[in-house]
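Input: a single structure, listed below in structure tokens.
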Amino acid sequence: MPPLSSFPLVCALACLGATGGAWAEKADRSKPIVVEAERGSTFDLQRQVTVLNGNAVISQGTMVLRAERIELRETPDGYRAASAVGLPGKPATWRQRRDGGDDEVVEGSADRIEFDGRADTLRLVGNSAVRRLRRGVVADEITGASIVWDNIAEVFKVEGGASTAVNPTGRVRLTLTPRTEAASASAPRAAPLTPSRALETPR
């Protein structure tokens, strides 16, 4: 069994029905990016760097990233990278509707959330959690010290860490809620979970 410090979530994805398809709303990629903040922020057009302070929000379609401070960069070749940092007791959060699942959304929270468009990864660092909500109710949840989604390698990894108030055991934890037969029969099955590519489309 792999150590908890580097535990691939292949088995978790299998339990979630990950056999292909997309987990994020594909239409989001073509939507405009909107940035907002409550306090002094900077927009450096020459360096292509935007820094938002105070209840900062970046949205693109159904994707919404919130944090106390967000830094968004664009490389010369058009890739974007973002770093979002929360406050004690108020983590950075991310939320997006699942493609093909109108009644399902996926959301994540962590002390810091990092997006790398070039590497095609989303990293949640510190008191990390990812949840799938079905009609507003948490259906599946993964928690750990950090969670990394690598879209190129198609590998999700979660790491354990030191004991914290949010995660007293410091252990990796996965909770899955099976669909009831009635619910499965009455509602179409949503597309399985695969990583998002929102915010990374080159110019």
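The values are calculated or read from the model by the stated rules, or taken from the named source; none is laboratory data. All of these numbers come straight from a predicted model, not from anything done at the bench. Reconstructed Cβ throughout: ideal geometry from the backbone, glycine too, with neighbour counts over all protein chains shown.
So that you can scan it fast, the table gives a plain yes or no per residue for (1) in contact with an Asp or Glu (Cβ under 7 Å, 6 or more places away or on another chain); (2) buried (at least 19 other Cβ atoms within 10 Å of the Cβ); (3) acidic (D, E); (4) touching a residue at least 40 places away in the same chain (Cβ under 8 Å):
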site	(1), (2), (3), (4)
G61	yes, yes, no, yes
R98	yes, yes, no, yes
V106	no, yes, no, yes
R132	yes, yes, no, yes
G136	no, no, no, no
I142	no, yes, no, yes
A162	no, no, no, no
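All of D99, D77 fail the test of being over 22 Å from N127 (Cβ atoms), at pLDDT below 90 and touching a helix residue (DSSP H, G or I) at 6+ places or on another chain (Cβ under 8 Å), apart from D99. When you scan the range 32-48, do you find a residue that is surrounded by 19 or more Cβ atoms within 10 Å (Cβ to Cβ), at pLDDT 90 or above and either touching a helix residue (DSSP H, G or I) at 6+ places or on another chain (Cβ under 6 Å) or not hydrophobic (A, V, I, L, M, F, W, C) (or both), even just one? Scanning the range 32-48, I find no residue that is surrounded by 19 or more Cβ atoms within 10 Å (Cβ to Cβ), at pLDDT 90 or above and either touching a helix residue (DSSP H, G or I) at 6+ places or on another chain (Cβ under 6 Å) or not hydrophobic (A, V, I, L, M, F, W, C) (or both), so the answer is no.
Scan the range 93-123 for residues that are within 13 Å of the chain's Cα centre (by Cα) and farther than 23 Å from D44 by Cα and the total you get is 17.
Among the listed residues E104, E71, identify the single one that is at pLDDT 90 or above and acidic (D, E). After ruling out the rest, the residue left standing is E71. The residues on offer are L122, L87, L65, and the sole one that is over 24 Å from F156 (Cβ atoms) and hydrophobic (A, V, I, L, M, F, W, C) is L87. Looking across V105, V125, one residue alone is farther than 20 Å from T62 by Cβ and of a type outside the set (S, T, N, Q). It is V125.
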